[in-house]
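Taking it in order: structure first as structure tokens, then the write-up.
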Amino acid sequence: VKKCTGPMCDFEVDVISETLADSTSNASRYAVHPLGGITRDIYLFALSSVNLSAFHVQTDFDATYTDATLKTEVSVTNETATELEIPLQAVFTLYDPEGKLVLNEIRNCLPGDTAYTFHVSRPKHWTSETPELYKLTCTLKQGAEILHQTVRRVGFREIEVRGNQLYVNDKPMKLRGVCRHEVHPLRGRSLDGDIWYRD
């Protein structure tokens with residue numbers, strides 16, 4: 001990786017694929033070529049030296065699938081050489097699909113991994129037919145200063161497997177899908193949207 005010295009920077013990325021799975025697929029002629037590599041867009045962005053390095057969200061309904069628990073896992077990383085003197089706060093805001101504020105909670109936090117849970121009354125259920133998405137924002141603050149902010153789109157759903165049946169929000173589901181590689185017999189790895197759509 002080259003050091004960035006101006007508004008336009010060049011970066012060099014190397015990918016080495018030496019896993020057993022890659023060797024086996026190539027040797028067996030399963031894929032005719034190594035499966036490793038970068039096949040999609042890569043995005044590079046700068047963060048504050050104290051930042052939210054991870055933000056995961058999970059939803060669980062109660063026994064009647066009426067109220068829900070919003071579970072979050074937050075990782076705060078301090079990439080400075082000094083300890084923080086002013087305590088940190090994580091501010092969570094949740095807006096429903098119409099933009100109405102549902103939740104506004106402030107929690108004290110420290111560098112490291114922390115789990116937070118919130119009760120949400122009667123959220124709209126996410127399904128593939130009704131993909132109701134909420135907007136969850138986590139803002140990392142130090143005093144009045146905003147250090148980092150990240151947003152997740154959240155669907156309230158509970159996925160379970162009972163025996164050999166998949167359930168979403170207590171309703172049985174059937175799945176249809178494909179298993180595909182980022183390759184084409186004539187175009188190689190230069191795929192386009194039309195090929196994905198036809199597949």
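The numbers here are math on the coordinates, done by the rules we state, and not lab data. These numbers come from a predicted model, not from an experiment. Cβ sites come from the backbone with ideal geometry, for glycine too, and all protein chains shown count toward neighbours.
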Practice task
Treating only the Cβ atoms of Lys and Arg (+1) and Asp and Glu (-1) as charged, compute the dipole magnitude of the chain about its Cα centre; round to the nearest 20 debye.
Solution key: 620 debye
Handout entry: Computed over the stretch 84-163: relative contact order in percent, which uses C-alpha pairs under 8 Å that are six or more apart
Key = 32 percent
Fill in the blank from the handout: Largest fluctuation, Asp41, Asp113, Asp170 only, Gaussian network model of the chain with Cα springs under 10 angstrom, belongs to Asp41
Practice task
Mind telling me which of Leu47, Leu88, Leu186 comes out most flexible in a GNM of the chain, alpha-carbon contacts under 10 Å?
Solution key: Leu186
Problem - Simple spin-label estimate for Val91 and Leu175 in nanometres, 7 Å along Cα-Cβ - result: 4.0 nm
Problem - CD proxy at 222 nm, helix term only [per DSSP H run n ≥ 4: -39500 (n - 2.57); per residue of the chain; nearest 500] - result: -2000 deg cm²/dmol
Practice task
Provide the gained length on full extension for the span Thr64 to Glu79, in nm with one decimal, where the gain is 0.36 nm per separating residue minus the Cα-Cα distance.
Solution key: 1.0 nm
Handout entry: Cross-link pairs beyond the 20 Å C-alpha cut-off, checked among Lys124/Lys174; Lys100/Lys135; Lys100/Lys141
Key = Lys124/Lys174; Lys100/Lys141
Handout entry: Only Lys, Arg (+1) and Asp, Glu (-1) charged, at Cβ; the stretch 72-147 dipole about Cα centre in debye
Key = 320 debye
Practice task
Could you work out how far apart the two model spin labels at Arg198 and Lys124 are, taking each label as a point 7 Å from the Cα in the direction of the beta carbon, and quote it in nm?
Solution key: 3.8 nm
Practice task
Would you work out the relative contact order for the chain, in percent, from Cα pairs under 8 angstrom that are 6 or more residues apart?
Solution key: 16 percent
